[in-house]
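Data first, discussion second: the structure below is written as structure tokens.
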Amino acid sequence: MTPNSAQSEAIPETFLLAVGTKKGLWLGTSTDRRNYEFTGPHFLMQEVPSIGIDTRNGGTRILVGTRSEHWGPTVVHSDDLGATWTEPEQGAIMFPPDTDAALERIWQIQPDAADRPGVVWAGCEPISVWESTDGGEHFELNRGLWNHPHRPEWGAGYGGAAAHTVLPSPADPNTIHVAMSTGGVYRSTDAGESWVARNKGISAPFMPEPLPEFGQCVHKIARDPNNADTMYAQNHHGVYRSDNNADTWVSIAEGLPTDFGFTVLTHPRRSGTAWVVPIMSDDERIPPNAQLAVHRTDDGGASWQRLADGLVQPEYNVVLRDAAAVDTAEPAGLFLGTRGGSVYASADEGEHFVEVLKQLPDVLCVRAAAVVL
């Protein structure tokens, strides 16, 4: 063993935890995913509903969607873990004049696959999808979705009209899925030129027709790490899996205390493993019996295990759709934040949690990753 190799092995892995809230951003680093050193708040008094952590180019770029009541929304980025921030002079996302629209909120920032460096996606309000090819500095409106004939009928969920999930397929650069509230799941197989609703089997109990072509309030979708055709969805009442690239969906809610919730996560490496955070109902937006818990399946939704060790109880605040994340470490880390300002970290896939932040403003977005310093 050479001295250089011994030195490199001694360097501990560094984990980044990014927490976006109603009133700013907190950034934490850790070597054990239990004890963190945090900086912040960055962007005090600005809403931070979206965060992306991009480690594809050998460094770490943090992309943050901010929203100021005075200056409006934009995307800023940092390449030095938040020591400095850069914002394009004319704004990263701006609707073209012919659309007669203005950006309200950036709900999602999603780096593309590892073999597509520089490509970053954004989902926004009003419902729209944007693509960047320069690492998230400038974005272009996806006209295929914006000009979709269904768009006039897409509505606003309780939190607003949101294109909240953009999932580019790692197996096929031409395939992209988008989920929106309200509207449901849409899929493109031609790199975003055209989009087709893919909601067969997902219910919309609040509509006259409970199984419409579109109009579902899908809260979040996630993709299996090994089979790009397998996906999971947390709906406004309903938890589903698709094994055919979202052509059809089947319920996997049996065994859960309730089928309502906002988030769904999949394992970074292991097929069949997913997490949800049940909420009582759309009328009672608290954890069941005021007991916050994560539920994990390791068999594609055939069964569920309740995980709550370390979560402070009782809890009357919920976990929002992007206020939970999984990292790519071994074992995978699981992270979540509540609207009551508590942030929890698990270094063992949810078996045990530790509260790493508390008394923050409403937590809107949580992202975690192993990073290069």
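The values are calculated or read from the model by the stated rules, or taken from the named source; none is laboratory data. Since the structure is predicted, the reported quantities are computational estimates derived from the model, not experimental observations. Neighbour counts are summed over all protein chains in view; Cβ atoms, including those assigned to glycine, are modelled from backbone coordinates with ideal geometry.
Look at (1) out of contact with any Asp or Glu (no Cβ under 8 Å at 6 or more places or on another chain); (2) in contact (Cβ under 8 Å) with a residue 24 or more places away in the chain and you find that Gln359 fails only one, number (2).
Within segment 278-289, the set of residues being part of a loop (DSSP other than H, G, I, E, B), without any contact (Cβ under 8 Å) to a residue 40 or more places away in the chain and within 22 Å of the chain's Cα centre (by Cα) comprises Met280, Arg285, Ile286, Pro287.
Listed by first and then second residue, the pairs linking a residue in segment 4-32 that is assigned to a loop (DSSP other than H, G, I, E, B) to a residue that is modelled with pLDDT of 95 or more and among the hydrophobic types (A, V, I, L, M, F, W, C), with Cβ atoms under 6 Å apart and 6 or more places separating them unless they lie on different chains, are Lys23/Met45.
Taking segment 92-119 as the range and being of a type in the set (Gly, Ala, Ser), surrounded by fewer than 17 Cβ atoms within 10 Å (Cβ to Cβ) and within 27 Å of Val371 (Cα to Cα) as the test, the residues that pass are Ala113, Ala114, Gly118.
Given Ala222, Ala191, which one is in contact with a Ser or Thr (Cβ under 6 Å, 6 or more places away or on another chain) and surrounded by 15 or more Cβ atoms within 10 Å (Cβ to Cβ)?
Values: Ala191 fails: in contact with a Ser or Thr (Cβ under 6 Å, 6 or more places away or on another chain).
Of the residues listed, the single one that is in contact with a Ser or Thr (Cβ under 6 Å, 6 or more places away or on another chain) and surrounded by 15 or more Cβ atoms within 10 Å (Cβ to Cβ) is Ala222.
Here Asp229 passes the criteria (1) surrounded by fewer than 22 Cβ atoms within 10 Å (Cβ to Cβ); (2) out of contact with any Ser or Thr (no Cβ under 9 Å at 6 or more places or on another chain); (3) at pLDDT 95 or above except the one numbered (2). In the set Pro97, Pro149, Pro117, only one residue is within 27 Å of Asp229 (Cα to Cα), at pLDDT 95 or above and of a type outside the set (A, V, I, L, M, F, W, C); that residue is Pro149.
Go through Val366, Val343, Val319 for me and flag whichever is under 16 Å from the mean Cα position of the chain (by Cα) and within 23 Å of Ala253 (Cβ to Cβ).
Values: Val366 fails: within 23 Å of Ala253 (Cβ to Cβ); Val343 fails: within 23 Å of Ala253 (Cβ to Cβ).
Answer to the check: Val319.
Inclusion of Val356 among residues that are surrounded by 21 or more Cβ atoms within 10 Å (Cβ to Cβ), touching a strand residue (DSSP E or B) at 6+ places or on another chain (Cβ under 8 Å) and closer than 15 Å to Phe262 by Cα is not warranted.
Screening the candidates Leu292, Leu256 for the property of being in contact (Cβ under 8 Å) with a residue 40 or more places away in the chain, part of a loop (DSSP other than H, G, I, E, B), over 19 Å from Phe353 (Cα atoms) and not aromatic (Phe, Trp, Tyr) yields one hit, Leu256. For segment 47-83, residues that are among the polar types (S, T, N, Q) and either farther than 21 Å from Lys23 by Cβ or touching a Cys at 6+ places or on another chain (Cβ under 8 Å) (or both) total 4. Criterion first (touching a Leu at 6+ places or on another chain (Cβ under 8 Å), buried (at least 21 other Cβ atoms within 10 Å of the Cβ) and not hydrophobic (A, V, I, L, M, F, W, C)) does Thr297 satisfy it? So Thr297 does not fit the description; no.
Can you report the number of residues in segment 309-332 which are surrounded by 17 or more Cβ atoms within 10 Å (Cβ to Cβ), small (Gly, Ala, Ser) and within 22 Å of Gln359 (Cα to Cα)?
Let us first name the residues in segment 309-332 that are surrounded by 17 or more Cβ atoms within 10 Å (Cβ to Cβ), namely 311, 315, 317-327, 332.
From what's left, small (Gly, Ala, Ser): 323-325, 332.
With the extra rule that they be within 22 Å of Gln359 (Cα to Cα), the set shrinks to 323-325.
Count: 3.
For segment 133-151, the condition holds for no residue, the condition being that it is touching a helix residue (DSSP H, G or I) at 6+ places or on another chain (Cβ under 8 Å), farther than 26 Å from Tyr240 by Cα and of a type outside the set (A, V, I, L, M, F, W, C).
Taken together, the residues in segment 137-184 that are over 16 Å from Arg105 (Cα atoms) and either part of a strand (DSSP E or B) or in contact with a Leu (Cβ under 8 Å, 6 or more places away or on another chain) (or both) amount to 8.
For Thr66, the requirement of being crowded, with 20+ Cβ neighbours inside 10 Å, β-branched (Val, Ile, Thr) and at pLDDT 95 or above is met. Where strands (runs of 3 or more DSSP E) fall wholly inside segment 64-134, the ranges with 2 or more residues that are of a type in the set (S, T, N, Q) and within 20 Å of Pro41 (Cβ to Cβ) are 72-78.
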